[in-house]
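The values are calculated or read from the model by the stated rules, or taken from the named source; none is laboratory data. Keep in mind the model is a prediction, meaning the values are calculated, not measured. For neighbour counting, all protein chains shown are included, and Cβ atoms are generated from backbone atoms with ideal geometry for every residue, glycine included. Heads up: the accessible areas ignore ligands, DNA and RNA and are worked out on the full protein's heavy atoms, side chains in. Shrake-Rupley method; radii C 1.70, N 1.55, O 1.52, S 1.80 Å.
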Amino acid sequence: MPTSQPDASGSSEDRVTPDDLLHTRTGTEVSPEDLVLATGRDITPHNLEWARHKLETEGPAAMEKLLP
């Protein structure tokens with residue numbers, strides 16, 4: 001039975017997000033843009049307002065809840 005394999009035509013580095021972009025660090029400032037992007041949403045005025053509010057109420061822990 002054949003198994004599916006990812007397309008090997010492109011470099012794996014083209015498809016891999018670097019670790020420093022994936023993981024949050026304790027003590028770093030989290031911006032509303034960071035929070036919006038962590039949810040997979042587009043940066044729009046509505047989403048930025050949602051993120052600002054979330055950061056005001058939850059602080060940096062808002063990001064930690066999204067990215068373990």
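Measure off 7 Å from each Cα along the Cα-to-Cβ vector at THR57 and THR39, then give the distance between these two points in nanometres to one decimal.
1.1 nm
With a 1.4 Å probe and all protein chains in place, put VAL36, VAL30 in order of accessible area, largest first.
Solvent-accessible surface, decreasing: VAL30, VAL36.
If you add up the charges near LEU55, with Lys and Arg at +1 and Asp and Glu at -1, over every other residue whose beta carbon is less than 15 angstrom from its beta carbon, what do you get? Mind showing how you got there, number by number?
Working: positive: ARG41, ARG52, LYS54, LYS65; negative: GLU29, GLU33, ASP34, GLU49, GLU56, GLU58, GLU64.
My count for the surroundings of LEU55 gives -3.
Just read off the accessible area of LEU37 with the full protein assembly in place, 1.4 Å probe, to the nearest 10 Å².
110 Å²
Please give the contour-minus-distance gain from GLU29 to LEU66: 0.36 nm per residue of separation, less the Cα-Cα distance, rounded to one decimal in nm. Provide the component values of the computation, followed by the final result.
Values: separation 37, 0.36 × 37 = 13.32 nm, distance 1.51 nm.
Between GLU29 and LEU66, full extension yields 11.8 nm more.
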